[in-house]
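Here the structure comes first, spelled out in structure tokens, and everything after it is commentary.
The values are calculated or read from the model by the stated rules, or taken from the named source; none is laboratory data. None of the values given here were measured: they were computed from a predicted structure. Quick reminder, even Gly has a Cβ in these numbers, built from the backbone with ideal geometry, and neighbours come from all protein chains shown.
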Amino acid sequence: MPEATSGFAGERILNVLPLPVLVVGEGDVIVHANSAAEDFFELSLPVMQRQRLADLVPFGSPVVVLAEEVRKRLASVSEYRVDVGTPRIGAERVVDVFAAPFGEDGRQVVLMLQERTIADKMDRQLTHRGAARSITALGAMLAHEIKNPLSGIRGAAQLLESAVGDDDRLLTRLICDETDRIVKLVERMELFSDERPIERGPVNIHGVLDHVKRLAQSGFARHIRFLEIYDPSLPPVHGNRDQLIQIFLNLVKNAAEAIGPDSLDGEIVLSTAFRPGLRMAVRGSEGRVSLPLEICVRDNGPGVPSDILPNLFDPFVTTKAQGSGLGLALVAKIIGDHGGIVECESAPRRTTFRVLLPMFTARDGRVSET
């Protein structure tokens with residue numbers, strides 16, 4: 001083995017990893033690869049060591065640029081949803097690439113490839129946004145075609161209420177209550193038809209979370225303990241404060257409802273972190289947008305059923321008996337309008353909603369203080 005790789009903490013450990021790992025040296029020459037990388041690229045290590053990184057990936061692949069960026073920054077960088085497919089290994093192989101400098105001078109780069117993990121979540125984000133947009137026209141149509149007739153039905157029921165006996169009055173009251181419920185549902189769907197650009201600026205996300213926590217503790221989550229794990233140096237979010245409050249109030253309310261009103265050890269954890277290097281292609285942008293701000297809402301409720309989890313942000317999907325299934329769909333729409341993404345990871349007593357958002361940068365390139 002070349003001297004450059006002799007410092008690995010055990011080649012055996014590297015080879016048992018299920019993920020392909022490459023070490024790229026000067027001139028992008030392949031210095032080392034683990035067994036998973038040999039299987040992935042369908043080449044033996046001696047053959048790969050006679051090739052450069054560009055020989056393994058498609059022409060113009062961002063993986064090559066990623067390695068050079070790591071050398072320049074001397075910091076870890078990640079790239080998601082990268083197609084490294086070639087005729088030899090398959091026409092389409094979408095992976096997440098995690099790159100980090102290696103060695104004292106940082107000229108070598110370690111690349112780890114991961115298939116169908118975060119990439120799948122990103123794909124679902126596009127599906128969530130598409131689903132939200134697909135009911136935009138439906139919401140506008142319902143507002144016009146349903147609310148007006150419902151108003152007439154409710155008015156007729158109120159007139160009948162004064163002319164019928166007590167037994168029939170229960171039926172007229174039922175008609176009024178049901179029409180009110182349908183009107184509220186339609187009004188929530190109208191929110192999806194609002195396609196106006198949102199006003200955005202620098203927002204202190206910790207101020208948003210503190211406001212949401214106060215609202216929750218004064219009402220629906222008064223019986224739940226809150227734990228805050230904040231990065232105090234987090235730069236401001238590029239967002240709309242009112243809409244961010246709406247997003248996280250919805251997520252915290254969902255967490256409280258999942259925990260339930262009778263829980264004795266209910267806990268909601270609010271956390272923030274800076275994740276440099278995270279980039280994604282988003283709607284309305286030709287290039288990849290950096291999403292370094294991570295905000296998580298975690299609860300210790302029973303978790304989301306596995307059959308619902310993949311479609312959790314779709315309209316009308318809900319785990320609540322009386323839920324409309326529009327709350328999380330609206331969350332996905334608003335976060336998408338901000339150029340961010342939202343994902344959910346769930347297990348019993350550990351369900352995490354993770355929101356990734358862009359940070360605010362002034363026109364001169366400086367990060368503003370809030």
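Miscellaneous remarks
- Among the conditions (1) at pLDDT 85 or above; (2) within 28 Å of the chain's Cα centre (by Cα), GLU42 misses just one, which is (2).
- Cβ-Cβ under 6 Å pairs, at least 6 apart or on other chains, the range 248-273 side among the hydroxyl-bearing types (Ser, Thr, Tyr), far side surrounded by fewer than 23 Cβ atoms within 10 Å (Cβ to Cβ) and not in a helix (DSSP H, G or I): SER271/ILE229; SER271/CYS296; THR272/TYR230; THR272/ASP231; THR272/LEU234
- Within the range 76-105, considering residues that are assigned to a loop (DSSP other than H, G, I, E, B) and among the β-branched types (Val, Ile, Thr), the one surrounded by the fewest Cβ atoms within 10 Å (Cβ to Cβ): ILE89
- When PRO276, PRO235, PRO261 are checked against the criterion of being modelled with pLDDT of 90 or more and out of contact with any helix residue (DSSP H, G or I) (no Cβ under 6 Å at 6 or more places or on another chain), a single residue qualifies: PRO235.
A quick yes/no check of all residues on (1) assigned by TED's automatic domain parsing to the domain that holds PHE40; (2) in contact with a strand residue (DSSP E or B) (Cβ under 8 Å, 6 or more places away or on another chain); (3) on the phi < 0 side of the Ramachandran plot; (4) of a type outside the set (S, T, N, Q):
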site: LEU56; (1), (2), (3), (4): yes, yes, yes, yes
site: PRO62; (1), (2), (3), (4): yes, yes, yes, yes
site: LEU66; (1), (2), (3), (4): yes, yes, yes, yes
site: GLU69; (1), (2), (3), (4): yes, yes, yes, yes
site: LYS72; (1), (2), (3), (4): yes, no, yes, yes
site: SER76; (1), (2), (3), (4): yes, yes, yes, no
site: VAL82; (1), (2), (3), (4): yes, yes, yes, yes
site: ARG88; (1), (2), (3), (4): yes, no, yes, yes
site: PHE102; (1), (2), (3), (4): yes, yes, yes, yes
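- As a summary of the residue check, GLY323 satisfies the conditions (1) modelled with pLDDT under 85; (2) surrounded by fewer than 17 Cβ atoms within 10 Å (Cβ to Cβ); (3) within 16 Å of the chain's Cα centre (by Cα) except for the one numbered (3).
- Extreme residue, nearest to GLY340 (Cα to Cα), among residues of the range 106-121 that are assigned to a loop (DSSP other than H, G, I, E, B) and at pLDDT below 75: THR117
- Selection count, the range 225-240, where residues are outside any strand (DSSP E or B), in contact (Cβ under 8 Å) with a residue 40 or more places away in the chain and either in contact with a Gly (Cβ under 7 Å, 6 or more places away or on another chain) or of a type outside the set (S, T, N, Q) (or both): 5
Residue by residue, here is whether (1) within 23 Å of PRO276 (Cβ to Cβ); (2) among the small types (Gly, Ala, Ser); (3) at pLDDT 90 or above holds:
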{"residue": "ASN15", "(1), (2), (3)": "no, no, no"}
{"residue": "VAL24", "(1), (2), (3)": "yes, no, yes"}
{"residue": "GLY60", "(1), (2), (3)": "no, yes, no"}
{"residue": "LYS72", "(1), (2), (3)": "yes, no, no"}
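- Among residues of the range 18-34, those that are free of Cβ contacts under 8 Å to residues at least 60 places away in the same chain and under 18 Å from SER78 (Cα atoms), counted: 1
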